[in-house]
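> Quick one: the structure is below, questions incoming.
Throughout, read-outs are computed from the coordinates displayed, never taken from laboratory work. Only a predicted model underlies this, so the values are computations on that prediction, with no experimental measurement involved. Note that each Cβ is placed from the backbone with ideal geometry, even for glycine, and that neighbours are counted across all protein chains shown.
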Amino acid sequence: MMERIDVIRTHLLVNREEDISDAWPLSKKELPWLKRKVCGVMPRWALILIISLFLFIVGFLLTWFLLLPIIVQSVVNGSSLSFTEIHMRSPTHNSFRIDAKGSLKKAGPISATITAPSKDPNAEPVIQDKPPSGSVTIHYEDVPMAYMFLPDTHTQGGKEDNDLIIEDRIVAVINTTKWSQFGRDLIEKDTLVWHLKGLVDLTAFGRTYKDVQFSKDVNVPGFKGLKNVTVEHFDLESSNHTSINAKMTVAISSDSMVNIGDMGDLEMEMYYEGVMIGTLSAKNTSLHTGTTLMDTTGTITSSNTPLLSRLMSRYLGVYDSPVMAKIIGTSNDLLRDALVGVELSTVLPANPTNLIEKLNFDGINITPLGEAKLFLLILIVVDDLHVGMESASVVSVQSIMGPRGYMDITYVTLDVDVMHDDVILGHLRVDAPVSNGSRPTFDVLIGGNITMTEGGKKWAQFTTQYVSQATTRLTLRGKMGATVQVPIGAMTLDGLSIDSHVDLVGMQGLKNTTVLQLDMPNDTRDGGIRMIISVVMENPSVATMAMGDIHFTAYYEDAVIGELMAKNVTMVPGSNPITMEGELKPTDPTNANPKIQEFFNRYIHGESTVVTVRGYVPKSNTTKRSEDSNNLPDWVKTVIESLNVSTAVEGPKNLSLIGGLDLHSLGMRLPGLYNETEDDGMIPITSSVTAGFFSPFGFNISVHYVRIFPEFSQFFLKHFFLYENSWKYQVSVKIDMLLDGLVIATMDDYTEWLPATSDQLAQRLDFTLSGAQLRVVDRQRFGNVTAGLLLNSGMNFTMAGVSKANITTNIGNFTLKGVNFTSPVHLEGFNGFPNGSIEMIGTNQNITSGHSWGLYMLTEIVMHNPTIVSLQVSSMVMDIYFEGVYMGNVTIDSPSLVPGPNTLIGNVMYVSPNKTLYGHNERTFFSRYTQGNSSLIELRGNSNNIPLLTDGLSRLVTSTVFIGQLTPLMKYVQMTVSFVHLSIMANVEVTNPFKTGYTISDMKSFTVHASNDWRQLGTLQDVHYAQGFPVDAGHERTLNPMTFDIGINVLPNPVAWVDAARALLLQNASTAVGELNFSLGDFGPVTIDYQQSFTVHFRSEN
């Protein structure tokens, strides 16, 4: 109705009738009625409007003052109150503060504000029987137990839920008995009901309605007996020496919206299997919606060690244990009655704990097992299913009692699988006492027989890796037990899990193996060489492993060179001295011998040579296991076969395989020509040498022979028994000659293979050096050597170098290369050719030609060589001195001075000391020479000799006898006696014995003497040939008539003359003495004192 009036009024204001008719739901026939006026004053529609307004005002007033309070109370009564959060905190003995969130539902279509009739004092209340004015009483089970002042609450008209926020309001307890009952029910029940009752003021439509009744039931979810309690953490680490102290954190799960912010400090008793085992306390506890963590501490007080043993075994093992904590006290007075007696039942979850935190093996003894039985002989029954293992172990205990707690393990049992890389190797049971306690570690002997899986195959794989690798890990996984001493007594723990890793240092392939000694003492009968090697194998692990007899195959690089065996080997930690004995004998000589040759060469040179030995198990020729050559389990054999040990064989240091050179001969041909200052420095040498031959081995070794016949001819040689003769021994050398530590001559390359023989027992090697050349690199010092040999009684120098030798052994033929040698050498010297060492012999000194500057003579010389040195040079020149005066020199062309006497031809060049004045020395020397009288001469080395001999020869001074050559120039002397004239004429026929012609210029002062008594018989007349009287070489010539007569006039006394003539006639041999002046070829004139005996032939003049 009101809506219609309002529409009509609007349309009237705009005077639009057509709109009115549209808005008013009347037919057009009714509109005229409305337009009619009442009493002729106003239209009917206006009257109707006025009446309607009056009625509205009356209704409004009735509603405002009478109906609205009733409506407000009805709305309040129809609303409902619920909480989503309740926080109870700051308790006192009779109150607590509350914070809450909730909602007021169905608060009606009007917006309103609900307030307390009087202001909340928000202070510690004074407990009274009746709640104060303006408060709301909290009833439980229709009994008031507390009150509080509600906060101002605003509702919005038509809103379904209106927030109710309570902040920091005090709840005062007026009935502690009922409150305690409520508290217990809150803990135990699922849901509780509070009834809130009181008066409130409500303001709506601008008016406040006083003392509106407020009475609401509020559902409060309970804690449902705190059934959802779990142990989040439990430990005993705060224990000490006198008590076992526990720490436990429990999680209490609650879906109640009630939060108790401060339950106070709780005291509890802990129970297991209904027996109180200790006490707990929790500080500042609370309880919240969701999960509440509560930290507790306590002490195990029970002395029931069997019970505690079961509990701890389950806890440390795999079984959960039901436990219960009963609250026996709290510091919250308000909640004491509610909390005391509450039982928190839970499960102590298993905490699988490796009581053994770490396991170290200080030593591990791995022993193959077998049983000895006596049946006719000792028979070893090998056990392939078990292996003995014994380990001195250091166990680190994970102390569940904490660092200050007392827990001492006195006995352990193990029932474990022994594993490697998660593979079970075998099973081990151990029962071992702990003698010295276990704080925090203990020593225990873990030992027993491991029952191996898969017949020991997995164990073999493990031990193989253990031997070869640097590190490995064993795992002991299974169950363990322990007897432990704790403050309350001895507990026996059973069924604990053990999963302990043992990190082991492996044997690392026994790579640190050192060869102490290599000995090859003798040959073997089957064509090998016995070999003994002493080694030290370093075992870096803690394992002791019995391996029995180990057979090895020896390799150098990839070639098998022999076999070895070490007896009764047990590897212990640290150093293991082991002797391997066997045979050097390649299975494939074609492939192996070059490697053995390389090994020998490296060994004798002191080089480090890596040799590998690989274990193997000899195959038995029998089917009986007991008769196998190595009575060991299969796993041990697998380990042996995995051994692959490489070690360096160090050759002896400073080994002189060849040394102590003894030269039986030394031939040198020095280069260069007389009067030259340069040469090529190349010296061919030969020598017969005996050297020390010091083999480092005991087996037979001799310098190896090589074929001297072509390969294709061996078949024929062998079948004609010439095979052995088709070989010869050989060495090759490369020599340096040293003086004062410096190389003075060297060979640029090895010599050709040289004939050689060796005698190992006598330590002797003989070879002949030939086809070799030394190249002089230090001419001065090499000259010092040659000078020393020429001038001194001996010379010391050093011969060093390298050699190679073909050797033969019992296993084949090899070539040793680069064998160094160094040896001092002493050679007897020429000692300056002392007097008598150089001789001119016979009548072979012949004048061959004469020149203006001198005479050439040929002389036969014997030079005595007291040394072993054979010296060859192009020439040797020495100056000749007579009575201190230089007379010329002698040149020996291409002398070859071999040891002993050497007959040589010397070319003497005689030079007149004085070209212008013929001196006494020259006259004496030449006179003696022609008369056959020898002269003592001095030989001095000439400085113009070949370069490498110049130093020595230039200082050489010696003497010898220059053999005179009797030179009769008068071949025939005829005396013609003239009795008429009392004169005697001499006709002289002269001859020329020289190789060159001579010319007589003067014959003076000749006297004739009786040869027998030297009585003077007369005087020859001086004769001068102005043009000279030549006589060709090899010819005779008579001086008369071509020459002149020689008159003899002894005395004017005829008697005397007759006597002289008679004496002359009676002499068959006479001697003429006088001075002869002549020239030889172009050389001259030469004056000599001439003397010749001759037979006088007489004839008379008619």
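> So for the pair Thr249, Tyr886, with labels modelled 7 Å out along Cα→Cβ, what separation do we get in nm?
So the two model labels end up 12.2 nm from each other.
> Write down the Kirkwood hydrodynamic radius of the range 838-962, to one decimal in angstroms, obtained as one divided by the mean of 1/r over all alpha carbon pairs.
Values: mean 1/r = 0.0666 Å⁻¹.
It works out to 15.0 Å.
> Using the Cα centre as the reference, give the magnitude of the dipole from point charges on the C-beta atoms of the range 409-525 (Lys, Arg: +1; Asp, Glu: -1; all else neutral), rounded to the nearest 20 debye.
On the way: 9 positive and 12 negative charges, 9 e Å.
Its charge dipole is roughly 40 debye.
> Select from the range 154-250 those GluC sites (Glu not before Pro) which occupy a DSSP coil region and have at most 16 other Cβ atoms within 10 Å, ordered by residue number.
Working: sites: Glu160, Glu167, Glu188, Glu232, Glu237; in loops: Glu160, Glu237.
Loop-located and lightly packed - Glu160, Glu237.
> Between Leu673 and Ser793, what's the calculated FRET efficiency when r is the beta-carbon distance and R0 is 35 Å? Round to 0.05. Walk me through the numbers before you get to the answer.
Values: r = 29 Å, r/R0 = 0.84.
FRET efficiency, Leu673 to Ser793: 0.75.
> All other residues with a Cβ under 9 Å from the Cβ of Arg169 taken together, and with Lys, Arg as +1 and Asp, Glu as -1, what is their net charge? Each step should come with its number before you reach the end.
Working: positive: Arg97; negative: Asp99, Asp120, Glu167, Asp168.
Within the 9 Å Cβ shell, the charges total -3.
> Starting from the Cα gyration tensor of the range 79-221, take the square roots of the eigenvalues, sort them a ≥ b ≥ c, and report rounded, prolate or oblate (rounded when a/c is under 1.5, otherwise prolate if a/b is larger than b/c, else oblate). Could the numbers behind the result be given before it?
Numbers: a/c = 1.99, a/b = 1.47, b/c = 1.36.
Cα axes put the range 79-221 in the prolate bin.
> Is the shape of the range 148-249 best called rounded, prolate or oblate, per the rule: a/c under 1.5 gives rounded, else a/b larger than b/c gives prolate, else oblate, with a ≥ b ≥ c the square roots of the Cα gyration tensor eigenvalues?
Prolate shape, in that a/c is at least 1.5 and a/b is the bigger ratio.
> Right, here's the next one. Which shape class applies to the range 508-650: rounded if a/c is under 1.5, otherwise prolate when a/b exceeds b/c and oblate if not, where a ≥ b ≥ c are the square roots of the Cα gyration tensor eigenvalues? Show your work: numbers first, answer last.
Working: a/c = 2.00, a/b = 1.24, b/c = 1.61.
Note, shape of the range 508-650 comes out oblate.
> In nm, to one decimal, how far is the modelled label at Asp211 from the one at Asn568, with both set 7 Å along Cα→Cβ?
With each label placed 7 Å out from Cα toward Cβ, I get 12.0 nm.
> Further, regarding this structure: What are the ³J(HN,Hα) couplings of the range 768-785, residue after residue, when phi is run through the Karplus curve with 6.51, -1.76, 1.60 and θ = phi - 60°? Round to Hz, x for glycine and proline.
Listing the rounded values in order: 10, 8, 8, x, 10, 9, 9, 9, 6, 10, 9, 5, 5, 6, 5, x, 5, 5 Hz.
> How much length is gained on full extension from Phe694 to Asn219, taking 0.36 nm per residue of separation minus their Cα-Cα distance?
On the way: separation 475, 0.36 × 475 = 171.00 nm, distance 11.48 nm.
Contour length minus Cα-Cα distance gives 159.5 nm.
> Per the Kirkwood treatment, what hydrodynamic radius in Å, one decimal, follows for the range 225-348 from the mean inverse distance over all distinct Cα pairs?
For the range 225-348, the Kirkwood estimate is 14.9 Å.
> Can you compute 3J(HN,Hα) from phi for each residue in the range 792-801, using the Karplus curve 6.51 cos²θ - 1.76 cosθ + 1.60 with θ = phi - 60°, rounded to whole Hz and x for Gly and Pro?
Taking θ as phi minus 60°, the curve returns 10, 6, x, 9, 10, 8, 10, 10, 9, x Hz for the range 792-801.
> Given H placed 1.01 Å from N in the peptide plane, which residues other than close sequence neighbours of Arg473 have an amide H under 5 Å from its amide H?
Counting only residues 5 or more places away or on other chains, the set is Leu504.
> Report the residues of the range 1070-1098 in range of a label on Asp1032: point 7 Å along Cα→C-beta, backbone N strictly under 19 Å from it.
Once the point is set 7 Å along Cα→Cβ of Asp1032, 1079-1083 turn out to lie under 19 Å by backbone N, inside the range 1070-1098.
> If you don't mind, another one. Would you work out the relative contact order for the range 83-175, in percent, from Cα pairs under 8 angstrom that are 6 or more residues apart?
On the way: 208 pairs, mean separation 35.9, N = 93.
This gives 39 percent for the range 83-175.
> Stretched out fully, how many nm does the piece from His427 to Glu641 gain, at 0.36 nm a residue minus the Cα gap? Present the calculation step by step, with values, prior to reporting the outcome.
Values: separation 214, 0.36 × 214 = 77.04 nm, distance 2.50 nm.
Length gained, His427 through Glu641: 74.5 nm.
> What is the set of long-range amide H partners of Asn865 at a cut-off below 5 Å, with H atoms built 1.01 Å from backbone N?
Gly900, Asn902
> Here is a follow-up. If I model a spin label at Thr451 and Arg477 as a point 7 Å from the Cα along the Cα→Cβ vector, what separation in nanometres do I get?
1.9 nm
> Taking the Cα centre of the range 225-348 as origin, work out the dipole magnitude from +1 charges on Lys and Arg Cβ and -1 charges on Asp and Glu Cβ, in debye rounded to 20. Walk me through the numbers on the way to the answer.
On the way: 7 positive and 14 negative charges, 57 e Å.
Its charge dipole is roughly 280 debye.
> In debye, nearest 20, what is the charge dipole magnitude of the range 443-590 about its Cα centre with +1 on Lys and Arg Cβ and -1 on Asp and Glu Cβ, if you could check? Don't jump to the answer; show the numbers that get you there.
Numbers: 10 positive and 16 negative charges, 105 e Å.
The calculation lands at about 500 debye.
> Taking 0.36 nm per residue of separation and subtracting the Cα-Cα distance, what length does fully extending Ser608 through Thr587 add? Display every interim value, and only then the final one.
Values: separation 21, 0.36 × 21 = 7.56 nm, distance 2.41 nm.
Roughly 5.1 nm would be gained on extension.
> Given H placed on each backbone N at 1.01 Å, which residues far from Asn820 in sequence or on other chains put an amide H within less than 5 Å of it?
Ser803
> How high is the FRET efficiency from Glu232 to Ala470, r the C-beta distance, R0 30 Å, rounded to 0.05?
On the way: r = 43 Å, r/R0 = 1.44.
Between Glu232 and Ala470 the formula returns 0.10.
> Right, here's the next one. Which whole-Hz couplings ³J(HN,Hα) result when phi for each residue of the range 920-936 is put into the Karplus expression 6.51 cos²θ - 1.76 cosθ + 1.60, θ = phi - 60°, listed in order with x for Gly and Pro?
Karplus values, whole Hz, x for Gly and Pro: 4, 4, 5, 4, 5, 4, 6, 5, 5, 4, 6, 8, x, 9, 6, 10, 6.
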